[in-house]
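Right, one structure below, let's go through it.
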Amino acid sequence: MSGFLLRRLAQSVLLLVIVLTVTFAILRLAPGDPLARYYHPDISPEAAESIRRSLGLDRPLIDQYFRWMGSFLRGDFGVSLRYLRPVRDLLAEAIPNTLVLTASALALHIGAGVLLGMASAAKRRTAFDRASTIAAVFVYSIPSFWLALMLILVFSLKLGVLPSSHMQSLEAAGLSGAALAVDRLRHLALPAVVLGLSSAASTARYMRGSMIDALREDYIRTARAKGLPESRVLWKHAFRNAAAPLATITGLSLPFLLGGAVVTETIFSWPGMGRLTVDAIHARDYPVVLAVNFIVAAMVIIGNLL
C-alpha cells in the first residue's frame, strides 16, 4: 500500500509540473505584450525598457521559465504585472471568496442530488421518477452561462428579489451582524445555484442507480419483513450502502466546480479566483495566471488522489 501511495504521489507531482510547464509555454507563445498598457507617447522607450528589465521579461524564455519555477518552489508567486502587487496578496483576497462560493455549490450539489436520487429510487417507475429523470437530464445539459443569464433575467430584472452581481451591496459597508450576513446570502444565492445545480443533477442520477441496486438486496427485504418504517429502511440500511460511490463522485466533481467558477464568477462579478483569472488573461498578467493555474491544478489533482 505504501508503495502504491508513493507512486501516486510521484505521478501527481509530475503531472503538476507538466501542467505548469504547458501553461507557461502557452502564455508566452500567445500573441500580445503584457507591458502594452504601459506604452504611451509620454513614456520614453528607455523607461519602457527599464520596466521590462525590472520584471525580467527581457531575459531568454528558458531563463524566465527556470527562474519562475525556482520562485514557485520557494513559495514566491511573483508580482502582478497589472496591479503591481504581490500575487500572494491578490490570491489571499480571492481564494476565500471562491471557497465560499464553491462550498455553497457543493452543499447544494450533495444535498439536492442525494435527496432527489433517493426519492426517485424509492418511487421508481412512477410519474415522479420519470419527471425527475427528465428534469435532471435537462438541467445537466444546460450551459452554465445560459442558466446564469436566465436566472438574472427572472429573479433580478423581472422579479427584483435577488441581486444580479457582486458579493455584497454598495451600502453594505454600513451593515453589520445579521443584516450583513443576509445581504451576502442574497448575493450568493444565484451564483451558488448556477454552479451547483448541474452537478446536483448528475449526482441524482448516480444516487438513483446506486439506491435501486441497494433496495434489491436481501437485507432490505429482511428489514421490511421486520416491519421497520420505510424511512428507516431507506436512510439507515439502503443509504449507508448506496452512499459509498458518493465520496468518489464528490472528489471528481471538484474540477467541474472550479472550472465552472470561472464562468460563474465572471458573469456575477464575484471577486474570486475565476474572475481574477479572466482579468489576468485579458491583461497578459502572466504571474497571476500561472499562480491561479497552479492552485487549481493542485486542488484538482489532490481531489482525484483522495
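Rounded to the nearest 500 deg cm²/dmol, what is the calculated helix-only ellipticity per residue at 222 nm for the chain, with -39500 (n - 2.57) per DSSP H run of length n ≥ 4?
On the way: 12 runs with 214 residues, N = 306.
Taken over the chain, the calculation gives -23500 deg cm²/dmol.
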Subtracting the Cα-Cα distance of S169 and T21 from 0.36 nm times their residue separation yields 49.3 nm
W146, W68, ranked by accessible area, largest first (probe 1.4 Å)
W146, W68
Can you work out the accessible area per residue across the chain, with the rest of the protein chains kept in place, probe 1.4 Å, in square angstrom?
56
Spatial separation of Cα centroids for the range 283-303 and the range 64-121, in angstrom
8
Among 183-190, 124-131, how do they line up by average Cβ neighbours within 10 Å per residue, starting with the highest?
183-190, 124-131
Give me the percent relative contact order of the chain, please, defined on Cα pairs under 8 angstrom at least 6 residues apart.
28
Ranking request for peptides 77-89, 99-111: highest mean number of other beta-carbon atoms within 10 Å first, then the rest in descending order.
99-111, 77-89
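With a 1.4 Å probe and every protein chain kept in, tell me what percent of the accessible surface of the chain is carbon plus sulfur.
Details: 11360 of 17080 Å².
Ligands and nucleic acids excluded, carbon and sulfur give 67 percent.
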Rounded to the nearest 10 Å², the 1.4 Å probe accessible area of K158 is 150
Just checking my list [x] 0.98; [y] 1.07; [z] 0.95 against Rg/Rh (Cα atoms, Kirkwood Rh) computed from this structure; which label fits?
[y]
Along the positive direction of the dipole of the chain (beta-carbon charges: Lys, Arg +1; Asp, Glu -1; about the Cα centre), which of G56, L190, I249 reaches farthest?
I249
Length gained when the stretch D58-R240 is fully extended (0.36 nm per residue, less Cα-Cα span)
59.5 nm
DSSP H segments from the chain that extend 20 Å or more along their own axis, Cα-based, with Kyte-Doolittle mean of 0.5 or above:
2-29, 87-122, 127-141, 178-215, 244-267, 286-305
For F128 and K158, compute 0.36 nm times the residue count separating them, minus their Cα-Cα distance, and round to one decimal in nm.
7.8 nm
Roughly how far apart, in whole Å, are the Cα centres of the range 149-164 and the range 174-238?
26
Output the peptides 206-212, 164-170, 4-10 sorted from most to least packed, where packing is the average of other Cβ atoms within 10 Å over each peptide's residues.
206-212, 164-170, 4-10
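The values are calculated or read from the model by the stated rules, or taken from the named source; none is laboratory data. Keep in mind the model is a prediction, meaning the values are calculated, not measured. Every residue, glycine among them, receives a Cβ derived from its backbone with ideal geometry; neighbour counts consider all protein chains shown. What goes into the accessible areas is simple: the full protein's heavy atoms, side chains included, and nothing from ligands, DNA or RNA. Shrake-Rupley method; radii C 1.70, N 1.55, O 1.52, S 1.80 Å.
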